[in-house]
Amino acid sequence: MTTQRTAAQSDTHPVDQHLPLGKLSALGLQHVLVMYAGAVAVPLIVGRALKLSPDEVALLISADLFCCGIVTLIQALGATQWFGIRLPVMMGVTFASVAPMVAIANANPGQAGAQLLFGSIIGAGLIAILIAPLISRMLRFFPPVVTGTIIAVIGITLMRVGINWIFGNPVGPTAPSIVDPAYAKWLADASAPGSALPPAPKGLALMPTVPNPKYADLTGVGISALVLVSILLIVKFAKGFVANISVLLGIVVGGIAATAMGLMTFEKVGKAAWVDVVLPFHFGMPQFDPLLILTMALVMIVVMIESTGMFLALGEMTERPVGQQDLARGLRTDGLGTLIGGIFNTFPYTSFSQNVGLVAVTGVKSRFVCVAGGVILIVLGLLPKMAALVESLPTVVLGGAGLVMFGMVLATGIRILGNVDFKTNRCNAMIVAVSIGIGMIPLLAPNFKQWMPHGLHPLIESGILLTSISAVLLNIFLNGARQDDAATIAAARQAEAH
């Protein structure tokens, strides 16, 4: 009997092998821990940009983990002939979508903003499902010089988030300067009914001139530095799995330090339920704005091109060639995951490349390991206390980890560009130079669009989108559009740490 089972297993492709339950669970948990810090970062960023309450931000985290699990199961197991690449893939929220989502959130905070945001995500998911077969044929328009430039700008753009986590947001209660309280009192007295002074002109506002003591507080900076140093020490001295979860362990160290210093409390964790079901449309029925949908659809095209490279690299690693139909199924699942995300109050999904790297490190090719990881994520999404714990972390703890997470995205772009031919093809340098320069405009001159039609603002206030459009068009103009799958696979292998 044992001999027959062994023979059957030897006939099964490594991707389709069923491992013992204990080993499957342990390896699935390993995948979850590697992606956990990156997975919870996006709902924290977007939830706070929407100015949601802590309970609602915790709900976004639960919804995110729940949908990560659902979409991972669809991708790894497959669902009908249309969805699922059936390879060891873990799905998570893409960082590429953060900048446009934050722009939407800043312009439309609160519940109304959430409805607009999730409406645009649902619309983009539907479009992505429809255009997935087309995207799988567009690979020649996204060679490494284009994808490397785009990923580098994603990292540069996100770095601002990590820096603001350390020092305090550049606007609001932790702005670098505040209005002098004496000036504010004088203006209030002057504007009060019965004042002997003439009324203040309409729109009069006081300029902040007093340094805000809450901004760049040295205690918070010290905790961020502790997290960063912890991550670096773990990377330097730890091996294997422990090194792979260095960011998560650094956050744990920072959380312990913040608790010891009285900066982190657990009241919200105590009040949260042990188990709760994630329900769709928590913030009300979504609102559909055509321009915002187009913006998010452009983001999805970039995400799907990156996924294509990952799928091709994974097919080579697992010795299961990925064909045109396989690619279309995998990319449709990116779209389906994004559609599900919008319905369940979360965000666009893509394959997590750090987990692709883990497949290479461990040598375990079975897709059922990722199925086990998907089940664990679903369970975590049903535990509000876990989400409340993450939401309770002070931003200074996340800041030290953010520098690493977002810096690794930038480093990935640089590594991909490292394989690009700059010596014999001067056009490649021009593509990178101009595209990064254009991508920096919204970051360094955010008011550049003030005289442009307001309808265009959501489309042009994301440096990532501007870089993507610039890099693709310049590459077509200067280099033409030649198909090179080998270069795409090599670039995806370089991106394993992203």
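Filtered by the rule that a residue be under 15 Å from residue 33 (Cβ atoms), surrounded by 23 or more Cβ atoms within 10 Å (Cβ to Cβ) and modelled with pLDDT of 85 or more, segment 367-412 gives 369, 370, 372, 373, 374, 377. Checked across segment 134-156, the condition of being open to solvent by 10 Å² or more (accessible area, probe 1.4 Å), farther than 25 Å from residue 342 by Cβ and in contact with a Phe, Trp or Tyr (Cβ under 9 Å, 6 or more places away or on another chain) holds for at least one residue.
Against the definition (in contact (Cβ under 8 Å) with a residue 40 or more places away in the chain, closer than 15 Å to residue 389 by Cα and under 11 Å from the mean Cα position of the chain (by Cα)), how does residue 44 come out, yes or no? For residue 44, the condition - in contact (Cβ under 8 Å) with a residue 40 or more places away in the chain, closer than 15 Å to residue 389 by Cα and under 11 Å from the mean Cα position of the chain (by Cα) - is met. Filter segment 46-55 down to the residues that are of a type outside the set (Gly, Ala, Ser) and open to solvent by less than 50 Å² (accessible area, probe 1.4 Å) and list them by number. Of everything in segment 46-55, those that are of a type outside the set (Gly, Ala, Ser) and open to solvent by less than 50 Å² (accessible area, probe 1.4 Å) turn out to be 46, 50, 52. Report whether or not residue 163 is of a type in the set (Val, Ile, Thr), assigned to a helix (DSSP H, G or I), more than 30 Å from residue 311 (Cα to Cα) and open to solvent by 40 Å² or more (accessible area, probe 1.4 Å). Answer is yes for this residue. The residues listed here are 134, 130; of these, the one that is free of Cβ contacts under 8 Å to residues at least 24 places away in the same chain, on the phi < 0 side of the Ramachandran plot, part of a helix (DSSP H, G or I) and out of contact with any Leu (no Cβ under 7 Å at 6 or more places or on another chain) is 134.
Any residue at all in segment 295-311 that's at pLDDT below 80 and either touching a Pro at 6+ places or on another chain (Cβ under 9 Å) or part of a loop (DSSP other than H, G, I, E, B) (or both)? Yes, because at least one residue in segment 295-311 is at pLDDT below 80 and either touching a Pro at 6+ places or on another chain (Cβ under 9 Å) or part of a loop (DSSP other than H, G, I, E, B) (or both).
Which residue pairs have Cβ atoms closer than 9 Å, lie 6 or more positions apart in sequence or on different chains, and pair a first residue in segment 57-74 that is touching a residue at least 40 places away in the same chain (Cβ under 8 Å) with a second residue that is of a type in the set (Asp, Glu) and buried (at least 24 other Cβ atoms within 10 Å of the Cβ)? Pairs that qualify, where the first residue is touching a residue at least 40 places away in the same chain (Cβ under 8 Å) and the partner is of a type in the set (Asp, Glu) and buried (at least 24 other Cβ atoms within 10 Å of the Cβ), are 57/391; 58/391; 60/391; 61/391; 71/334. In segment 238-253, the residues that are within 11 Å of residue 397 (Cα to Cα) and without any contact (Cβ under 8 Å) to a residue 40 or more places away in the chain form Cβ pairs under 8 Å with partners that are open to solvent by less than 60 Å² (accessible area, probe 1.4 Å) and in a helix (DSSP H, G or I), at six or more places apart or across chains, as follows: 253/227; 253/230. Just one of the numbered conditions (1) part of a helix (DSSP H, G or I); (2) farther than 30 Å from residue 403 by Cβ; (3) open to solvent by 90 Å² or more (accessible area, probe 1.4 Å) is not true of residue 232: (2). Give the residues of segment 260-272 that are in a helix (DSSP H, G or I) and either of a type in the set (Lys, Arg) or under 27 Å from the mean Cα position of the chain (by Cα) (or both), sorted by residue number. 268, 269, 271, listed by residue number. Remark: residue 172 falls outside the filter, which requires a residue to be in contact with a Ser or Thr (Cβ under 7 Å, 6 or more places away or on another chain), on the phi > 0 side of the Ramachandran plot and at pLDDT below 85. Residue 347 satisfies every condition listed in (1) among the hydrophobic types (A, V, I, L, M, F, W, C); (2) more than 18 Å from residue 43 (Cβ to Cβ); (3) out of contact with any Leu (no Cβ under 8 Å at 6 or more places or on another chain); (4) modelled with pLDDT under 90 except (2). Taking the criterion of being buried (at least 21 other Cβ atoms within 10 Å of the Cβ), within 18 Å of residue 28 (Cα to Cα) and small (Gly, Ala, Ser), would at least one residue in segment 92-108 satisfy it? Looking for residues that are buried (at least 21 other Cβ atoms within 10 Å of the Cβ), within 18 Å of residue 28 (Cα to Cα) and small (Gly, Ala, Ser), one finds at least one in segment 92-108, hence yes.
The residue of segment 260-272 that is surrounded by the most Cβ atoms within 10 Å (Cβ to Cβ), among those that are at negative phi and out of contact with any Ser or Thr (no Cβ under 8 Å at 6 or more places or on another chain), is 272. When 217, 189 are checked against the criterion of being modelled with pLDDT of 80 or more, farther than 30 Å from residue 32 by Cβ and within 35 Å of the chain's Cα centre (by Cα), a single residue qualifies: 217. Taken together, the residues in segment 202-225 that are open to solvent by 50 Å² or more (accessible area, probe 1.4 Å), touching a helix residue (DSSP H, G or I) at 6+ places or on another chain (Cβ under 7 Å) and either among the β-branched types (Val, Ile, Thr) or without any contact (Cβ under 8 Å) to a residue 40 or more places away in the chain (or both) amount to 1. For residue 116, the conditions (1) open to solvent by less than 10 Å² (accessible area, probe 1.4 Å); (2) modelled with pLDDT of 85 or more all hold with the exception of (1). In this structure, does residue 199 turn out to be free of Cβ contacts under 8 Å to residues at least 12 places away in the same chain and outside any helix (DSSP H, G or I)? It is true that residue 199 is free of Cβ contacts under 8 Å to residues at least 12 places away in the same chain and outside any helix (DSSP H, G or I).
Restricted to segment 273-286, and to residues there that are under 23 Å from the mean Cα position of the chain (by Cα) and open to solvent by 90 Å² or more (accessible area, probe 1.4 Å), the residue that is farthest from residue 116 (Cα to Cα) is 279.
The values are calculated or read from the model by the stated rules, or taken from the named source; none is laboratory data. None of the values given here were measured: they were computed from a predicted structure. In this analysis, Cβ positions are derived from the backbone assuming ideal geometry, glycine residues included, and neighbour counts consider all displayed protein chains. Calculation scope for accessible area: heavy atoms of the full protein, side chains included, ligands and nucleic acids excluded. Shrake-Rupley method; radii C 1.70, N 1.55, O 1.52, S 1.80 Å.
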